[in-house]
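As structure tokens, the structure follows; a few thoughts come after it.
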Amino acid sequence: MTDRKLAVVVLAAGQGTRMRSSLPKVLHELAGRPMLAHVLASVMALHPEKVVVVVGPEMERFPDAMLAHDTVVQSERLGTGHAVLAAGPQLAPLLEQEGDMDVLVIYGDTPLIRPETLRKMRKPLEGARALLVGLAFRPQDPARYGRVIVDADGLVERVVEYVDADDTERAISLCNAGILIADGATLYDLAARLDKDNAKGEYYLTDIFALARAAGKPARMIEAAHPSEVLGINDRRELAGAEKVLQERLRASALDAGVTMVDPATVWLSWDTTFDGDVHIEPNVVFGPGVRVERGARIRAFSHLEGVVVGPGAQVGPFARVRPGTRLGEGARVGNFVEIKNSSLGDGAKANHLSYVGDANVGAKANIGAGTITCNYDGFGKHVTEIGAGVFIGSNTALVAPVTVGRGAIIGAGSTITRDVEEDGLAVARGEQQVVAQGAIRFRAKRDNKG
Ligand code: UD1
Ligand code: CA
């Protein structure tokens with residue numbers, strides 16, 4: 001570990017025109033959270049003293065992960081170098097106070113970066129082997145990335161932007177990932193000298209390498225072990241590509257944690273999905289944010305879960321939808337075409353077929369019959385249904401909330417329950433059955449006469 005303190009500047013002000021979106025680019029989501037939040041999570045793993053996020057003027061919806069940090073609005077977007085300068089006043093007091101300090105500049109559109117790589121980049125700054133360290137990589141398709149020009153000693157001569165590069169430079173396979181870490185004073189000293197004499201007419205942060213060279217300040221590049229880690233996201237194709245990489249990472253760590261996936265490529269995870277060991281997941285399952293699956297639970301094919309804790313040994317699906325605010329107890333079962341929202345199912349409780357259970361507390365071992373609906377919404381507000389332990393709800397029952405069914409009670413099939421049912425009570429609320437003897441014969445005769 002280095003003794004040098006760290007401050008971070010996250011560049012997130014770009015309009016991201018190539019996304020063709022009304023949403024700022026860095027707020028587009030990967031595995032269920034904005035790419036900016038992914039970047040911030042990696043950065044926070046390094047325990048910086050301060051993080052300054054440079055945002056554009058239209059970014060009024062901040063992701064939660066950003067609220068803890070300082071922001072500065074870059075109202076005129078004059079390039080990545082200009083954005084770093086915009087953060088200067090926020091960092092100046094800290095730089096003055098701390099003296100030697102690393103400043104990490106990271107782009108909000110490079111969300112797959114891992115903390116290990118950032119830590120590796122800090123190494124050359126210890127003992128001043130370099131005053132500026134960039135991150136490079138060799139992608140399969142170097143596309144529009146900046147190219148890095150290194151001398152025989154491994155010191156960086158300059159970085160040339162794609163639009164400014166000639167054919168020889170474009171043929172270079174070593175690309176600039178954008179992320180850099182520098183001695184803070186050196187960074188701001190050099191950044192102040194940037195100009196916009198280039199193809200885009202912008203202040204390129206990348207020109208700082210040539211400036212360092214001219215000033216005799218050593219700059220180096222660390223090469224990323226996995227090119228996928230530094231994918232920059234500029235359009236929807238790249239967004240989809242990054243999602244794929246992230247999903248593969250998330251699946252791999254679930255498998256390593258002892259989860260069985262019959263066909264991992266068809267299981268979609270969120271950044272925060274957590275599993276205990278011996279969970280079994282069938283193909284085609286989607287996990288939205290906020291899901292925890294406990295030991296030995298089984299998620300069957302074509303289920304969709306978000307905001308739920310699945311208790312040990314519980315079973316969900318096939319074809320189940322479990323929505324936020326739900327807790328399924330140990331050994332509970334949610335079967336096909338069942339939707340559960342903001343409800344708890346006690347240990348061993350079952351809702352196996354074709355039901356909607358919303359805003360309900362279902363006791364242990366209760367059985368919700370096929371087609372049962374909790375009528376939780378009256379057009380104005382939501383109301384709660386309480387179902388006690390061991391209750392048996394017959395098929396096709398409507399429970400009109402707010403309503404309580406006491407423990408051990410039985411509800412006859414087809415009932416519409418509007419009043420509370422006492423413990424161990426038996427309630428039937430449906431039209432009386434009428435049978436007219438021979439009525440069918442009379443009915444058919446009448447029909448035939450008409451014909
Ligand atoms: C940048 C690098 C390029 C590198 C690539 C890696 C520069 C000049 N070029 O190019 O060498 O290969 O990233 O992905 O830095 N931003 C601001 N304010 C601005 C402009 C940009 O905050 O005025 C932010 C953007 O929101 C974005 C990041 O900076 O998150 C990078 O900007 P972008 O325009 O995407 O740079 P690239 O052309 O991809
Ligand atoms: Ca970019």
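The values are calculated or read from the model by the stated rules, or taken from the named source; none is laboratory data. Remember, predicted model here, so these are calculated numbers, not experimental data. Heads up, the Cβs are rebuilt from the backbone with ideal geometry, glycines too, and the neighbour counts pull from every protein chain shown. Protein only, heavy atoms only, side chains kept; ligands, DNA and RNA dropped before computing areas. Shrake-Rupley method; radii C 1.70, N 1.55, O 1.52, S 1.80 Å.
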inquiry  = On alpha carbon coordinates alone, what is the Rg over Rh value for the chain, Rh being the Kirkwood radius?
reply    = 1.18
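Output the Kirkwood hydrodynamic radius of the stretch 372-434, Cα pairs only, in Å rounded to one decimal.
Details: mean 1/r = 0.0861 Å⁻¹.
After inverting the mean inverse Cα-Cα distance, the result is 11.6 Å.
Figure the gain on full extension for Val436 and Lys244 (residue separation times 0.36 nm, minus the Cα-Cα span) and round it to one decimal in nm. Please list the in-between numbers first.
Details: separation 192, 0.36 × 192 = 69.12 nm, distance 6.44 nm.
Between Val436 and Lys244, full extension yields 62.7 nm more.
Ranked highest first by the average count of other Cβ atoms within 10 Å around their residues, in what order do 422-429, 212-219, 118-125 fall?
Details: 422-429: 14.2, 212-219: 17.1, 118-125: 18.8.
Top of the packing list down: 118-125, 212-219, 422-429.
Relative to the Cα centre, what is the charge dipole magnitude of the stretch 141-265, using +1 at the beta carbon of each Lys and Arg, -1 at the beta carbon of each Asp and Glu, and rounding to the nearest 20 debye? Mind showing how you got there, number by number?
Numbers: 15 positive and 23 negative charges, 44 e Å.
With only Lys, Arg, Asp and Glu charged at Cβ, the dipole is about 220 debye.
When ligands, DNA and RNA are left out and all protein chains stay put, how many square angstrom of accessible area per residue does the chain have with a 1.4 Å probe?
Details: 21150 Å² over 451 residues.
Result: 47 Å² per residue.
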task = Take the Cα radius of gyration of the stretch 231-305 and divide it by 2.2 N^0.38 Å, with N its residue count; two decimals is plenty.
result = 1.12
ask   = Quick one: Cα centre-to-centre distance for the stretch 172-203 and the stretch 1-50, in angstrom?
value = 18
ask   = If you add up the charges near Val421, with Lys and Arg at +1 and Asp and Glu at -1, over every other residue whose beta carbon is less than 12 angstrom from its beta carbon, what do you get?
value = -3
Cut-off 17 Å (backbone N to label point 7 Å along Cα→Cβ of Arg237), residues of the stretch 1-28 = 17-21
key: Mean projected area (nm²) of the alpha-carbon convex hull when the stretch 11-53 is viewed from all directions   = 3.4
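Size of the dipole of the chain about the Cα centre, Lys and Arg at +1 and Asp and Glu at -1 on the beta carbon, nothing else charged, in debye to 20?
Working: 51 positive and 56 negative charges, 406 e Å.
That gives a dipole near 1940 debye.
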key: Share, in percent, of DSSP beta bridges within the chain that are antiparallel, nearest 5   = 20
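Is the stretch 298-362 best put as rounded, prolate or oblate by its Cα gyration tensor, with a ≥ b ≥ c the root eigenvalues, rounded for a/c under 1.5, and otherwise prolate when a/b is larger than b/c, oblate when not?
Values: a/c = 1.29, a/b = 1.09, b/c = 1.18.
Note, shape of the stretch 298-362 comes out rounded.
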message = What is the sum of charges, Lys and Arg at +1 and Asp and Glu at -1, for the other residues whose Cβ falls under 10 Å from the Cβ of Lys123?
response = +4
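Ratio of Rg to Rh for the stretch 51-127, alpha carbon only, Kirkwood? Kindly include the intermediate steps, with their values, before the conclusion.
Numbers: Rg = 14.0 Å, Rh = 14.3 Å.
When Rh is taken as the Kirkwood radius, the ratio is 0.98.
Kindly give Rg over Rh for the stretch 294-451, based on alpha-carbon atoms, with the Kirkwood expression for the hydrodynamic radius. Numbers along the way, then the final one.
Values: Rg = 18.7 Å, Rh = 16.5 Å.
On the Cα set of the stretch 294-451, Rg over Rh gives 1.13.
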ask   = Radius of gyration and Dmax for the stretch 1-144's Cα atoms, expressed in Å?
value = 15.3, 46
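Would you mind getting me the FRET efficiency between Ala215 and Val262? Use the beta-carbon distance for r and R0 = 56 Å, nearest 0.05.
Numbers: r = 58 Å, r/R0 = 1.04.
It comes out at approximately 0.45.
Taking each pair of distinct Cα atoms in the stretch 222-363 once, what is the resulting Kirkwood hydrodynamic radius in Å? Show your work: numbers first, answer last.
Numbers: mean 1/r = 0.0643 Å⁻¹.
Final number for the Kirkwood radius of the stretch 222-363 is 15.6 Å.
Taking the Cβ of Thr260 as the center, what net charge do the other residues with Cβ under 11 Å away carry, scoring Lys and Arg +1 and Asp and Glu -1?
On the way: positive: Arg298; negative: Asp263, Asp278, Glu282.
Net local charge, Thr260 excluded: -2.
Leaving out ligands, DNA and RNA, what percent of the accessible area of the chain is carbon and sulfur, probe 1.4 Å?
Numbers: 10560 of 21150 Å².
Solvent-exposed carbon and sulfur of the chain make up 50 percent of the total.
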message = Show me the chymotrypsin sites (Phe, Trp or Tyr not before Pro) within the stretch 376-439 that DSSP assigns to loop and that have at most 11 other Cβ atoms within 10 Å of their Cβ.
response = Phe380
